[in-house]
Every structure is written in C-alpha cells, then in structure tokens.
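The values are calculated or read from the model by the stated rules, or taken from the named source; none is laboratory data. Predicted model, so just to flag it, every value in this text is computed and none were measured. FYI the Cβ positions are ideal-geometry reconstructions off the backbone, even for glycines, and counts take in every protein chain you see. Accessible surface areas use protein heavy atoms only, side chains included; no ligands, DNA or RNA. Shrake-Rupley method; radii C 1.70, N 1.55, O 1.52, S 1.80 Å.
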Amino acid sequence: MKALFRGAQVYENGTMHKRDMFFDGTSLSVFEGDVSVFAPSFVFDNTVILPGFCDVHVHLREPGFSYKETIATGTRASARGGYTAVCSMPNLDPTPDSREHLDAQLDIIRRDACIAVYPYGTITKRELGVEMSDMEDMASDVIAFSDDGKGVQSEEMMRNAMTRAKALGKMIVAHCEDNSLLHAGYIHDGEYAKAHGHRGICSESEWGPIERDIKLAESVGCPYHVCHISTKESVDIIRAAKARGANVTCETGPHYILLDDYCLEEDGRFKMNPPLRSPSDREAILEGILDGTIDMIATDHAPHSAEEKSKGLSSSAMGVVGIETAFATLYTALVRTGKMTLPELVKLMSENPRERFGISSDKGFTVFDIGEEYTINPDEFLSKGRATPFKDARVFGKCLLTVYDGKAVYENLG
C-alpha cells in the first residue's frame, strides 16, 4: 500500500525537517516528482515521522498469564503506539530466574513478537527476595535484572545483586517499595484517601528504597535504574545523586506526569503501583522531566482482565495499560502546550532509553497524524487490557504506520 506524507515533519539527529515522504509498502524515501506517476493510495498532511519508540518497562504477561496479555497482543499494541522495541518485565509464571525458565519466554518471543522484545531476568528466584536467581546463566540474553512488581527488601540481598550484576556487565533495575511502610494501602496517602476513607501508601515507601539503593550502587559501582518514580522526594534524591556523578537513571510514566490524586475516581482504571500522587508530586515529576533528572518515559503497560479491574480502588488489581496512548497523551499535553518540543519528547521515548539500555537503533520508524483530534476509546485497543485513566480523553496524535525490520507491523492508512 503506497502513501504520500506531504510536508511531513521528519525527525533527524535531534531536529525536525519538513519534507514530502513516500512509503512504498516497505520503505520510506524523500518524494520528488509527479504524484500521479507514483499513484499513492493515500495522501496525508499534518504528519510527523519519528524513530520507533523504545519502552523499557512493559508487562507482556506470557508465559503464565495469557488471559491478561500475550506477547502477540502486547507487541501488536506496542506497534500501534509507535514502539519498535520493548523490555518485558519478569513477573511471570515461571519467572525468568533460570536458563530453563528464560528459554520458555524466549521461545514465545521468537515465535510471536512483531517487534523487538528484550526480556528481564529476575534478581531473586520467583521474585521472593530470599535466594538469588541464576544470573550468570541468563546474562547473555536478558536486558538487565529486576524484581519488578516487588521491592527487594533486604539491603544485603540488593548489595549482592549489584555486585553480581556489575561483574556480568548488567544493570539493576529496581521497583522501589518498602513493604513495611505500605500498611495495606492501595492509593496515595493524600487528600483523596482521607476524604473517601481509603488506605493510603506513603511516599517514603518509594523514596526510602531509592535512597538506600543509590548509596549501594555508588559503593559497589553498579549501574542502577529506578522504575516508575512518582514522588517529589524521589526526584530530589536522584537529582542530587546525579550531581555527585552517580551512575543512576530513572523513568516515569505518562500518568505520573499528567495526572494526580485530584483526578481519582472510584474506578479500577485509576489504580496502579506506585499510585497517582499529589499535585505537588506531579509538578515535581514534570520539572524532573524538563531539567533532565528523569531520563526517559516508560509506560509500565500492565494489562489485567476486565474482572480484575472491576472492583474499584480498594480491590482491583494494580496496573493500567498505556502503550497505545502514550505518545498522544504526551504530545497533546506537553508539546502542543509548549512545555517541551517534539524532539525533546522523542529523546525521552526513543533515544534516551536506547542509549541507557544499550538497545541499538533498529531503523524502524513510526508515522503519526498530529492534525486530527480524537477521543481515546479502550474498546479499540489491540491490547487485551482496557483499563486506562485516559479513557475518553481528547488527544492529538493518531498512529498511521509503524515499520520494523522492513515490515509494516501496524498500518492504519485506510
């Protein structure tokens, strides 16, 4: 299927260039000549052509939880969001804590993935925090080590993990959560929780382990990455560590940049871990994005079944989907409002994660129509998950095409 992207904004080396671009069904080239000769099936204005995005934090749920998502559905959803590379978190069944268990996941990836998928190995066996995983046996085929979904509670265990990861040339990627401070909470310990009788999760349950781990990483010399930061204290701690020269990076999610606990409704689609924090936390997250303290944006795409997300804030499963809506929500709220430029957003969604995680450019690209406003409708998602806090949001930025490895892995040109 042939398409002409007339006057497209094309991202190249950190800047945007306006060009007519022609897609012949497999490749993209600068268009020069008579449109009637090339006879494109479709002609689009108001498009941007960007490098394929890279998400270092997604949950593809397979093996073990294919009723929530599969590698096939998750990667198709990723392609629809403009992604050509994702890193799959290890809270699976079996968890990738040994060569045998990792190979079970790799077999499915090779068979079903339509884009690049880089699996994590666990830090501890079954993510229980008791016994170290078989890191050495997995190191050649994992992107990094993480117990995402659970915090490593033991300082000694984390030190040992960092020591082994450093020796293997791998990074520790941490879900930072102190279980002793949770007190059965499930949303932020803020104004909404107090007003509506909900149990809250305090901010220290996140920033306390970050503070501990950065000191360990500096002592051991292990590269360290913090998952989904959500509090102002987390931003401050990481900013100070970077000023000292610590080898630390971090990510946050679109929902922590754009939403806070004043946006909460009594609906499971607003429940995730960490939770939506206070307006001042959200402002600090945005400031951290703008000043470079926060290195990248990752979706923490975490699909669950409709039943699991139908039990309100108190009893629904933790996690929301986001890989199909990330660009549109961020482009609309940040780029169109002048808070950041489009090249700056591309760096957060593609270049920075690839650089930090050693994921080379796959020469994939994605095309978005940024001229048409539309409503986010979860019923249209390719993911099995439907729970998103951005349901019914009005946004700009509809994906028309994503190409990976010379193939159109998502196409909406008709």
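Quick notes on this structure:
- Simple Cβ-charge dipole of the range 100-232, Lys/Arg +1 and Asp/Glu -1, about Cα centre, in debye nearest 20: 240 debye
- Compared with the alpha-carbon gap, the fully stretched path from residue 355 to residue 408 is longer by 16.6 nm at 0.36 nm per residue.
- For the chain, projected area of the alpha-carbon convex hull averaged over all directions, nm²: 18.6 nm²
- If you take all other residues with their beta carbon under 15 Å from the beta carbon of residue 114, and give Lys and Arg +1 and Asp and Glu -1, the sum is -3.
- Between helix 99-112 and the chain: long-axis angle, C-alpha atoms, 0 to 90°, nearest 10: 20 degrees
- For the chain, DSSP calls about 55 percent of its internal beta bridges antiparallel.
- Probe 1.4 Å - accessible area at residue 137, Å² to nearest ten: 90 Å²
- Applying the Kirkwood pairwise sum to the alpha-carbon positions of the range 290-414 produces a hydrodynamic radius of 16.1 angstrom.
- The residues neighbouring residue 233, those whose beta-carbon lies less than 12 Å from its own, together hold a net charge of -2 under the Lys/Arg +1, Asp/Glu -1 convention.
- With the charge dipole of the chain set up from +1 on Lys and Arg Cβ and -1 on Asp and Glu Cβ about the Cα centre, the Cα lying farthest toward the positive end among the listed residues 132, 21, 322 is that of 21.
- Annotation: per residue accessible area for the chain equals 39 Å², rounded to a whole number [probe 1.4 Å, protein chains only].
- Residue among 180, 350, 154 with the largest mean-square fluctuation in a Gaussian network model of the chain, springs linking Cα atoms under 10 Å: 180
- Degrees between helix 279-291 axis and first principal axis of the chain (Cα, 0 to 90, nearest 10): 60 degrees
- Cα centroid of the range 90-140 to Cα centroid of the range 231-288, whole Å: 28 Å
- For residue 188, nonlocal amide neighbours, meaning residues 5 or more places apart or on other chains whose placed amide H falls under 5 Å from its own, are 201, 276.
- Eligible lysines near residue 2 by straight Cα distance, threshold 27 Å, same-chain separation 8 or greater: 18, 363, 398, 407
- Long-range HN-HN contacts of residue 250 with modeled amide H, under 5 Å: 226, 295, 296
- Remark: spin-label model distance residue 130-residue 1 equals 5.2 nm, labels positioned 7 Å along the Cα→Cβ axis.
- Largest mean-square fluctuation among 348, 182, 60, in a Gaussian network model of the chain whose springs join Cα atoms under 10 Å apart, belongs to 182.
- If you take the Cα centroid of the range 14-30 and the Cα centroid of the range 313-376, the two points sit 20 Å apart.
- DSSP finds beta bridges in the range 78-219, and of those with both partners inside it, around 10 percent are antiparallel.
- Dipole magnitude for the range 211-302: about 340 debye, using +1 per Lys or Arg Cβ and -1 per Asp or Glu Cβ, origin at the Cα centre.
- The trypsin sites (Lys or Arg not before Pro) found in the range 230-271 that occupy coil by DSSP, while having at most 10 further C-beta atoms within 10 Å, are 244.
- Working from label points 7 Å from Cα in the Cα-to-Cβ sense, the residue 67 to residue 341 distance is 5.0 nm.
- Virtual spin-label span in nm between residue 265 and residue 155, 7 Å along Cα→Cβ: 4.5 nm
- The range 226-278 - Rg over Rh from alpha carbon coordinates, Kirkwood radius: 1.07
- Residue 192 - accessible surface, heavy atoms, 1.4 Å probe, Å² rounded to 10: 30 Å²
- Among 385, 169, 208, the largest mean-square fluctuation in a Gaussian network model of the chain, built with springs joining Cα atoms closer than 10 Å, belongs to 169.
- The accessible surface of the chain, taken with every protein chain in place and a 1.4 Å probe, is 47 percent carbon and sulfur.
- Accessible surface of residue 407 - all protein chains present, 1.4 Å probe, nearest 10 Å²: 130 Å²
- 12 Å beta-carbon shell around residue 148, net charge (K/R +1, D/E -1): -4
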